[in-house]
1. Name the long-range amide H neighbours of B:Ile598: under 5 Å, sequence gap of 5 or more, or other chain; modelled H, no Pro or chain starts.
2. To the nearest 20 debye, what is the magnitude of the charge dipole of segment A:2-226 about its Cα centre, counting +1 on the Cβ of each Lys and Arg and -1 on the Cβ of each Asp and Glu?
3. Provide, as a two-decimal number, the C-alpha radius of gyration of segment B:415-503 over 2.2 N^0.38 Å, N being how many residues it has.
4. Taking chain A as a Gaussian network, where each spring joins two C-alpha atoms under 10 Å apart, which residue of A:Leu211, A:Leu202, A:Leu100 fluctuates the most?
5. Across 5 Å bins from the origin, how do the percents of Cα pairs in segment A:94-224 run, short distances first?
6. Counting partner chain Cβ atoms within 10 Å of every residue's Cβ in B:452-464, what's the average?
7. Run the Debye formula on the Cα coordinates of segment A:2-226, all scatterers equal and no solvent, and tell me log10 I(q)/I(0) at q = 0.08 1/Å.
8. So for the pair B:Asp757, B:Arg320, with labels modelled 7 Å out along Cα→Cβ, what separation do we get in nm?
Amino acid sequence: MRFGVVRFPGSCDEVDALLACRRFADAELLWHGDRSLGGVDAVVIPGGFSYGDYLRVGAIARFSPIMAAVAAFARDGGPVLGICNGFQVLCEADLLPGALLPNTGLRFLCRQVDLTVDHADSPFTRALAPGDILSLPVKHGAGRFYAPDDDLRGLEENNQVALRYALGENPNGSLNDIAGVTNAAGNVLGLMPHPEHAAHPLSGSTDGGRLLQSAAHACASNARAVA
Amino acid sequence: MPLRETSRKGGSLSERSERTPERGVARNGNSHHRELGLTDSEYEQIVDRLDREPNPTELAIFSLMWSEHCAYKHSRKLLRKLPTEGAHVVMGPGENAGAVDVGDGLAVAFKVESHNHPSAVEPFQGAATGVGGILRDVFAVGARPIAVLDSLRFGELDSPRSRYLLDGAVAGIGHYGNSIGVATVGGEIYFEGSYEQNCLVNAMCVGIASRERLIRSAAAGHGNLVVLLGALTGRDGIGGASVLASAELGADGADRRPSVQIGDPFEEKKLLECSLALLDRGLLRSLQDLGAAGLSSSVSEMASKGGVGIDLDVSKVPLREAGMEPFEVMISESQERMLCVVEPELLDEVLATCANWDVTATAIGSVTQTGSLRIFSGQAPAGDLPVSALVDDCPLYDLDPQPPSAPLYDPPPRRLANDCETHATLLALLASPNVASKRWAFEQYDALVGSRTARRPQSADAAVLSLHHDGTSGALAVAIDGNGRRVSCDPYLGAAEAVLECARNLACVGAEPLGLTNCLNFGNPEKPHVAWQLTRAVEGMADACRALRVPVVGGNVSLYNEGPAGPIFPTPVVGMVGSLPDARRATGSAFLEPGHAIALIGPFSPDLRGSELEKLRGGLADSLPQIDLGAQVEALAAVRAAVRAGRLASAHDVSDGGLACALAESCVAGGVGARVNAAAPMQASSLDDLLFGEGAGGVVVSGPSEAIAELVEAAGSVPVEPLGTVGGHVLELTAGAASLSVPVEELRAAYEGGLPDRLS
């Protein structure tokens, strides 16, 4: 099983994601200018500032050559994980619902937070159980999840909320304490907290590794089923 | 005022002259050079050296190259007192950053630099471009930046201007570091009235590289091409850092705001990755960043170090706006640019690599054997300057140090009565901005990117970063320290204390210091009492470095930090890098387990002189307690050995606010109380001294009682005093007949609330 981690010129956490993925499977970097995913089994869009993001975060990245391939891969049911800027990019690319607005405090915030698993149907959460508590760091200036009322209701009814900030832990003013959502099909997950920074014991928590491990298992068993 | 001035032209010839603007009228009879900051005598030396009058482009270049900022003309002689050699040194002072060997074929490059004057004018962009500049210094030697630390100084938070500067500088540091993806892992912030007009923004960057990949800036190879990489060159920042940093700021620096540069971290991110990719492919002969004085300084320094000449065609420089004069192109301080030397046959490969990263790259000149910097605009000559005149012949000035006969600084306003009871005193200290948690600031910085951060801000006395990504445990520890108020009490001892505190912070995580970088922030060195502060501080720093056997591998000097109200506190800032064998054993500052024993290790003689409590009581001493450097070094070795043995649960340096604050911080960090009997083991002359006195040498440790017993055994002549036990939800402190008992939650509220309460 092989993860592909997309690298935009302004990506910051792409090597972090690569290292974390390699704890559970093979992983390689994918260049933003390429039009092919090179046959990877799952895609990670990492954190950072894809193209500087001086205007609206993620707004330019959706037009990059690699994103056309990511969109096709996602529509075919391939597992896609967007972390932080990756989440923002996937929302801009219409692969995930909602949008990420500047934090209510209007400041960048780097802090360890507790999350609860709400729905565990995506490949990245299948190995977790609803109600599990995860400790992951957030670090962002624009992580306030927003969707219009009707869309928000739809998300909740379709069980698309994968992760919520635990009580009192919402760092950015996200609606309904939403930290991570999936698309309707469940194969694309975006979250603001950073699982790749909670994969190694020295980082203080290995909870993030569980998301990547879950995807590695899901892909491997998928491959067995196909074979 | 009398100033000894030494010309280095023709060897050791030295001359004395009175330096007053009225004297020594320039040969050309006008005073344009004075507007550019050159003295009449300096102008005459330029004319002598060229054997003609400089043209306006040449004069502009000279004025910047001979500015304090570029030439260190008031500090260079003094800096020779600092030890620069040691077993681990790979690159010493003179390169873009210093570097030390950390084993396994790896080198760590690091440097601290100031961006004080730009930040005082426009704090967000001033601080942001300060970070951008120090990052470039580190990747200019071929190292990948892995950490940033910042040392900040502002006026008291009662002042709206200080709150504005703090807010802007912190946001600017975060903006640049977060966006480029380099972790900001540590730092310090102090608030003192003397920084009201001149805030200090010192940024330190630490980078890592294989030893072989390190590259120097010396240009070499007749016929090789000089290639400019990165951002377009504009009129922004003309005479920015170099002009701002070479004179006192007036009461209102707002008119200088246009000369502050604007940072573009995305451009620098591409430039960083592109530069490292070029080095990985072995395509560069040398690399240099563009900082203060822009192309002028970079080209001259590359040529000077290589003993060569360089021809430049300014018409080839990609411009942000049309119609720029040659002199503007030469001195523009537009950010995010690098200069490299490339063999002609490799140019196409260099340009292709740059195109892949969307980095503009243009051959703008070539290396020659002339020994001159020759500037052309197309075919037309625009300047011809001997490189040695620009770089080596700048007159160096001897300082005229004289201790002040009267106090230089007004005492701070009293905020606490002398008879304030102990409980309230402790809470007031914990909430005092200098002692209180800096969480408000460090949560605005990405401390994690890069996946090396093993100890985050406030969790340990030094930041700890993994050396490898392969799961092996070798690590680096980094810290930055400096307490200007204490240095104002005694520049020699205060500067030595800064070095020792940095080393103590490293020892608390088990790290041995490998090298040091410093930033000397002082007032106007032409004033004898500032010269005295500077001289004594360098001497104190040098002696402490020698005692610790830590070489100074690079640094920066920021002078003229003074306004109408006088100079800033003398503020030498020390950044130190050390290594430790096992990151997992790096202790934090938190008390962990109820039942653990607490002890104080080290030669600690608490004293209120220069302390935070003295400040809150409206005092400012004119002396500090003496230091026994030998005993200090021995104690550091004992702490380091104990931490490395992996038996301690916590180690925390006694610093601002004294023993009581150190204990309170360990309680708050661990969310657990402690029962402590400080039975005056330390030569304290009063209860206040014992609880709140400061001074070098004390570390509060905790661990299983056997571990503390072993520590006593192993420490030999280093004093270790049992203090008490971890447990409960209250810090209970007994000292003689006095006692206090404060719930940990009350301590936390004071400590964590100190900054936010003053900023909301």
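Values in this text are rule-based calculations from the coordinates and carry no lab data. Note that this is a predicted model, so its numbers are computed, not measured. Counting neighbours? That spans all protein chains shown, and the Cβs are built from the backbone with ideal geometry, glycine included.
1. Long-range HN contacts for B:Ile598: B:Leu723, B:Gly724, B:Thr725, B:Val726.
2. 420 debye
3. Compactness ratio reported: 1.45.
4. Comparing A:Leu211, A:Leu202, A:Leu100 in a Gaussian network model of chain A, the most mobile one is A:Leu202.
5. Final binned percentages: 2, 11, 21, 24, 21, 14, 5, 2, 0, 0.
6. Values: counts 4, 5, 5, 2, 5, 1, 0, 1, 0, 0, 0, 0, 1.
Other-chain Cβ atoms within 10 Å of each residue's Cβ, averaged: 2.
7. -0.23
8. The two pseudo-label positions are separated by 4.4 nm.
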